[in-house]
Amino acid sequence: MKKITLLLIFSAFLMGQHQRGGLRQRPAIGVLEGVVIDSSTSTPIEYASVSVSKIRDGEIVAGSITNKQGFFTIKEIPLGRYRMVVEFIGYEKIIIEPINLHPGEGGGIEQDLGTIALSVLSVQMIEVDVIGELPQFIQTIDKKIFFVDQSLTVIGGTASDALKKIPSVDVDIDGNISLRGDQNVNVLIDGKPSGLTHGDRRAMVDNIPAAMIDRVEVITNPSAKYDPDGMGGIINIILKRGQFEGVNGNTS
């Protein structure tokens, strides 16, 4: 008999605790709604994220996303004090707080938050310096162009050293210049004939520092407009402007 009495008392205690806990649980009858738009165009933003969290501990209790009209509604929110976060990719998020979901002054069970305008996220661009370098060789329709500055091996040398680095161009020990084995080559300086014979070309190319040369143009199939003496090919040495203008020479 005593065991039955104790069991009834314990059961009544548990039921009382459950009922008191149920009384402390706030009813989930709160409703929040609103419209999310772009602040600059006033167009609705679809799929914006709306989350509701407790101010006390940040626990998220409800959430939703906007429809095509930018509208959202969140129902069955337990009564209490909340923080709402509205965000969408590419926009600055908006935090609305406090939201008091309770009856009486300063609150309400159902609240319309109206129009919520999101601003496009501003991205500060970092200044970037773009530095480009010329290639050592360029092939065009009618000629090959070699940029001497891009070849470190000819720094401090002469035009003769620069020509030796160009494929298909050869300068022998006697200073004879040939293109693909043919010495019937016309050597131009800035597009003008040098007027020198084969024997004088060695002195000419040896007297031009490689640092003065901007580029060398090689024409392997010259047209009829060029001198017939250069039908084996044209080598056009283009000098730099301004930096090395003046008189140049050497002694031995």
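Taking the condition of being under 14 Å from Gly30 (Cα atoms) and not charged (D, E, K, R), how many residues in the range 73-119 meet it? Lay out the reasoning, then the answer.
Taking the range 73-119 first, the residues under 14 Å from Gly30 (Cα atoms) are 73-84, 99-104, 107-113.
Add one more test, that the residue is not charged (D, E, K, R), and what stays is 73-74, 77-80, 82, 84, 99-104, 107-109, 111, 113.
Selection size over the range 73-119: 19.
With respect to Ser64, is the statement that it is more than 30 Å from Met212 (Cα to Cα), in contact with a Lys or Arg (Cβ under 6 Å, 6 or more places away or on another chain) and part of a strand (DSSP E or B) true?
Values: more than 30 Å from Met212 (Cα to Cα): yes; in contact with a Lys or Arg (Cβ under 6 Å, 6 or more places away or on another chain): no; part of a strand (DSSP E or B): yes.
So Ser64 does not fit the description; no.
Would you be able to tell me the number of residues in the range 92-106 that are part of a strand (DSSP E or B) and within 46 Å of the chain's Cα centre (by Cα)?
Residues of the range 92-106 that are part of a strand (DSSP E or B), as a first pass: 94-101.
When the remaining residues are screened for being within 46 Å of the chain's Cα centre (by Cα), the result is 94-100.
Total meeting the criteria: 7.
Tell me the strands (runs of 3 or more DSSP E) entirely within the range 128-188 that contain at least 1 residues that are at pLDDT below 75 and within 16 Å of Ile238 (Cα to Cα).
Values: elements: 137-139, 144-147, 169-171, 177-179.
The qualifying strands (runs of 3 or more DSSP E) are 137-139.
Sort out which residues of the range 115-127 are part of a strand (DSSP E or B) and either modelled with pLDDT under 70 or surrounded by 14 or more Cβ atoms within 10 Å (Cβ to Cβ) (or both), and write them in order of number.
If we filter the range 115-127 for residues that are part of a strand (DSSP E or B), which is where we start, we get 115-118, 120.
Listed by number, the residues that qualify are Ile116, Ala117, Leu118.
Considering the range 49-83 alone, what residues qualify as being among the basic types (Lys, Arg), within 19 Å of Ile109 (Cβ to Cβ) and surrounded by fewer than 17 Cβ atoms within 10 Å (Cβ to Cβ)?
First, pick out the residues of the range 49-83 that are among the basic types (Lys, Arg): 54, 56, 68, 75, 81, 83.
Add one more test, that the residue is within 19 Å of Ile109 (Cβ to Cβ), and what stays is 54, 75, 81, 83.
Result: Lys54, Lys75, Arg81.
Got at least one residue in the range 28-48 being at pLDDT 90 or above and over 19 Å from Ile94 (Cβ atoms)?
As a first pass, look at the range 28-48 and keep what is at pLDDT 90 or above: 31-48.
Filter once more, so that each one left must be over 19 Å from Ile94 (Cβ atoms): 31.
Within the range 28-48 (the criterion being at pLDDT 90 or above and over 19 Å from Ile94 (Cβ atoms)), the answer is yes, since at least one residue qualifies.
The values are calculated or read from the model by the stated rules, or taken from the named source; none is laboratory data. Predicted model only: the values in this text are computed from it and were never measured. Ideal geometry is used to build each Cβ from the backbone, glycine not excepted, and the neighbour counts take in all protein chains shown.
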